[in-house]
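The values are calculated or read from the model by the stated rules, or taken from the named source; none is laboratory data. In this text the structure is predicted, and so the values were computed from the model without any measurement. Neighbour counts run over all protein chains shown; Cβ positions are idealised from the backbone, glycine included.
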């Protein structure tokens, strides 16, 4: 699992489709959905951790984009 698309495809296997309208919010909601799947025992720990790492990486990128946008850059 390497990309946000991979995480989306994982969630899709559980009939979970996330679209809030703002990418950073989508990433945060995907993280919550992963937490719930893991807590329910339907997602193994290794897959959960790899997906969470992807989301953390994507979240940092989005935060940087927001900072640049807000600072007029």
Cβ-Cβ below 8 Å, separation at least six or inter-chain, first residue in the stretch 42-60 and within 14 Å of residue 6 (Cα to Cα), second at pLDDT below 95 and outside any helix (DSSP H, G or I): which pairs?
-> 47/1; 50/1; 51/1; 54/1
Scan the stretch 3-32 and report the pairs whose first residue is farther than 14 Å from residue 55 by Cβ and whose second residue is not in a helix (DSSP H, G or I), with Cβ atoms within less than 9 Å and a gap of 6+ or a chain change.
-> 14/42; 14/43
